[in-house]
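> Once you've had a glance at the structure underneath, I'll fire off some questions.
The values are calculated or read from the model by the stated rules, or taken from the named source; none is laboratory data. Since we're looking at a predicted model, the values are computed, not measured. Note that each Cβ is placed from the backbone with ideal geometry, even for glycine, and that neighbours are counted across all protein chains shown. Please note that ligands, DNA and RNA were not included when accessible areas were found on the heavy atoms of the full protein model with its side chains. Shrake-Rupley method; radii C 1.70, N 1.55, O 1.52, S 1.80 Å.
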Amino acid sequence: MRQVLRFAAVLGLVLASVFSTTFSVGPAQAAGTMQTYIVLYKAEAVPTDAAAIIARAGGELVHSYGEIGVVIARSDNAAFRSHLLADSRIENAAATTGFGMRLQEDTVEGGPAGDLPNVPAADGDNLSGLQWDMRQIKTPEAHAITGGSRAVLAGDLDTGLDYRHPDLAPNIDFSKSVSCESGAPNQDPNAWDDRQGHGTHTAGTIAAAANGVGIVGVAPNVRIAAVKTSNDEGYFFPHMVVCAFMWVGQQGFDVVNNSYFADPYLYNCRNEATQRAIWKAEQRAIRFAQSRGVTIFASAGNDNHDMAHPTVDETSPSDGTPLSREITNACLRIPTELPGVITVTAVGNLGQKAYYSDYGVGVIQVTAPGGDRRFQVTPEAPNGRILSTYPASRYNPASPLMLRDCSVSPCGTYAYLQGTSMAVPHATGLGALVVSRFGDAQNAQNGTLRPGQVAGIINQTADPIACPQNPFDPGGTGAFLAECQGGEGYNGFYGHGQINALRAVLHDMGQ
């Protein structure tokens, strides 16, 4: 089976300059392909006549996000965008069709404890012995104190999840799960079902139940909700990303996992007008979620790039012909490099940077197990990868990287994958444990801690890892050459260190 190695949302668009005239166009005339548009207003509000304006331009309003001044619309009128830009209140509009990124495959300071109800959890499920990653970050020891609280809600912004999976079904919050494929929230479980596998895998690492079946997640007692941010082909489009962050902000999520990139290009250059409208809409939505108390975790990426010193982007746009372009520190990734986002690199079973993992001083917060099938295969991790839940529909009995637990019906399906996509849900799950342990039921937003408090506890309790001898060259061929900058307390490979679940949940005890 080919293994998922990296996930990115590499999106492109062509934007013209904004007109500052009064909107007075007639009905749409020219017909074209039906497309979805992001309409960005100058003010972070949507006017009451937005639907009428869009209709007059030859389109229909799909959903309005008044809190951030963004509208999702659809139109088959070739002149739709130009008609809209005649309205001086609209900053820009951009069609999102063709600007998604499909998943790439490779063979793949806290005080005393709060008053939320916390219950211990066991780590004796049928496949728990294969979870070297959990032992590496001390989740079994942490679970003796807490497996998380049912008051805490984790979100997985991904390809959806298999709601029938016996290891996920006990913890899924159907009332908070949604598909954002159209740009508007759709709560039909068939809409947010996972037909790719990636989302089910990340969800299991976060919150697979301690129920005797299969594996145990980092936070097995919390609720988890699917927020499907892609289509069934695995493409992440801008209107989906805006919808997803608005949903989690409006619905009181505590922590959310992001194993993808949400910008028009792998590196989004803020001074390029062709990328500005979609980038600003996504940024507004992310800031809205953070303002509502949502702690955001994101994967670093799987290109072995130094994100603190970007020079060339050779992979964008990925849904067309990639063009090599020079980039600078004016270019960044979303949500990975936005303020307040906890960005996570990957290590293998030897505790070293995974050969593929991106890195960068000032970008990375912590590291977590993501697997390394090339250079960190050990007796405990015989194939180097991370085992987690997987959709039954994608089970391949011939693959040595897939397992089934049929002690229940339906059988639980599991797969080994690697990547920073697999690393970040460990940190997201730990974030859910931290909120469970230290959250106060008297606070707003379901007893959540503020994002900065969650990040502070995770960073302060991580196990520091010093830079390896430079240059870092696993395999000795130069193929995965990387240079680590910083010291043991903080560096570009490991941030503040590898997350430690036990230390995090004992933080109030000074341990």
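> Step by step: first the residues of the stretch 384-394, then only those that are within 18 Å of the chain's Cα centre (by Cα) and within 28 Å of Gly492 (Cα to Cα), then the one that is surrounded by the fewest Cβ atoms within 10 Å (Cβ to Cβ). Which residue is that?
By that ranking, first place goes to Ser388.
> Something else about it: Could you tell me which residue of the stretch 265-311 is most open to solvent (accessible area, probe 1.4 Å), considering only residues that are of a type in the set (Val, Ile, Thr) and in a helix (DSSP H, G or I)?
Thr274
> Would you kindly identify the strands (runs of 3 or more DSSP E) lying entirely within the stretch 43-120 that contain at least 2 residues that are of a type outside the set (Ser, Thr, Tyr), at pLDDT 95 or above and surrounded by 18 or more Cβ atoms within 10 Å (Cβ to Cβ)?
59-65, 70-77
> Would you please name the residue that is farthest from Met422 (Cα to Cα), looking only at residues in the stretch 226-238 that are open to solvent by less than 10 Å² (accessible area, probe 1.4 Å) and more than 13 Å from the chain's Cα centre (by Cα)?
Pro238
> Considering each of Val377, Val424 in turn, give the residue that is in contact with a Phe, Trp or Tyr (Cβ under 7 Å, 6 or more places away or on another chain) and closer than 30 Å to Glu483 by Cα. Quick ask: steps written out before the conclusion?
Numbers: Val377 fails: in contact with a Phe, Trp or Tyr (Cβ under 7 Å, 6 or more places away or on another chain).
Every option except Val424 fails the conditions.
> Next question. When you scan the stretch 210-230, do you find a residue that is charged (D, E, K, R), in a loop (DSSP other than H, G, I, E, B) and on the phi < 0 side of the Ramachandran plot, even just one? Spell out the reasoning first.
So the first thing to find is which residues in the stretch 210-230 are charged (D, E, K, R), and the list is 223, 228.
Now narrow it down to the ones that are in a loop (DSSP other than H, G, I, E, B): none.
Checked the stretch 210-230: no residue is charged (D, E, K, R), in a loop (DSSP other than H, G, I, E, B) and on the phi < 0 side of the Ramachandran plot.
> Using the structure shown, decide if Thr367 is part of a strand (DSSP E or B), at pLDDT 95 or above, open to solvent by less than 10 Å² (accessible area, probe 1.4 Å) and closer than 24 Å to Ala462 by Cα.
yes
> From the list Asn446, Asn470, Asn500, exactly one residue is closer than 30 Å to His165 by Cα, modelled with pLDDT under 95 and among the polar types (S, T, N, Q). Which is it?
On inspection, the qualifying residue turns out to be Asn446.
Yes/no matrix, rows are residues, columns are (1) under 20 Å from the mean Cα position of the chain (by Cα); (2) on the phi < 0 side of the Ramachandran plot; (3) assigned to a strand (DSSP E or B); (4) among the hydroxyl-bearing types (Ser, Thr, Tyr):
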| residue | (1), (2), (3), (4) |
| --- | --- |
| Ile334 | yes, yes, no, no |
| Gly351 | no, no, no, no |
| Val377 | no, yes, no, no |
| Pro382 | no, yes, no, no |
| Asn396 | no, yes, no, no |
| Ser399 | no, yes, no, yes |
| Ser407 | no, yes, no, yes |
| Thr413 | no, yes, yes, yes |
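Yes/no per residue for (1) among the hydroxyl-bearing types (Ser, Thr, Tyr); (2) open to solvent by 30 Å² or more (accessible area, probe 1.4 Å); (3) under 30 Å from Asp440 (Cβ atoms):
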| site | (1), (2), (3) |
| --- | --- |
| Leu130 | no, yes, no |
| Lys138 | no, yes, yes |
| Asp156 | no, no, yes |
| Glu181 | no, yes, no |
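> Further question: Go through the stretch 140-168 and give me each residue that's outside any loop (DSSP other than H, G, I, E, B) and in contact with an Asp or Glu (Cβ under 7 Å, 6 or more places away or on another chain).
Residues satisfying the conditions are Pro140, His143, Leu153, Ala154.
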